[in-house]
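The values are calculated or read from the model by the stated rules, or taken from the named source; none is laboratory data. Because the structure is a prediction, the values reported are computed rather than measured. We place every Cβ from the backbone using ideal geometry, glycine too, and count neighbours over all the protein chains shown.
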Amino acid sequence: QVQLVESGGGLVQPGGSLRLSCAASGFTFSIYTMSWYRQAPGKERELVASIGSGGATNYADSIQGRFTISRDNAKKTVYLQMNSLKPEDTAVYYCNALGSTFGYWGQGTQVTVSS
């Protein structure tokens, strides 16, 4: 059974940091491209960052230089380190796994940036 379980969300003040984790099971994690998406209220889901099986990364312009995506294939976990958080980063953050044939989504974790 495929599972993607996100954790690490919460309430943080502007300028603060959070680290999201996504623990995967039920598929060959190491060969999948792993990504973080987010969806704010009333907006479409958008790609935040992705990391390929070989470690190549891609970031949305809006978070460039503030967020870092990484993966640990031994732990089957992908991370999103978020620094210098802004109120506009408030959203539900979703983990995504994309293979050559199948893709999977996690249930999401809420990130709220507010004073």
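Only residues that are outside any strand (DSSP E or B), in contact with a Ser or Thr (Cβ under 8 Å, 6 or more places away or on another chain) and of a type in the set (Val, Ile, Thr) were counted across the range 2-42, and they come to 2.
Only residues that are in contact with a strand residue (DSSP E or B) (Cβ under 8 Å, 6 or more places away or on another chain) and either among the acidic types (Asp, Glu) or loosely packed, with under 13 Cβ neighbours inside 10 Å (or both) were counted in the range 44-56, giving 2.
Report yes if TYR94 is of a type outside the set (A, V, I, L, M, F, W, C), touching a Cys at 6+ places or on another chain (Cβ under 8 Å) and at pLDDT 95 or above, otherwise no. No; evaluated as a whole, the condition is false for this residue.
Of the strands (runs of 3 or more DSSP E) entirely within the range 57-115, those holding at least 3 residues that are surrounded by 19 or more Cβ atoms within 10 Å (Cβ to Cβ) occupy 67-72, 77-82, 91-98, 109-113. Of the residues making up the range 96-115, those that are touching a Phe, Trp or Tyr at 6+ places or on another chain (Cβ under 6 Å) and closer than 13 Å to SER7 by Cβ are GLY106, GLY108, THR109, VAL111.
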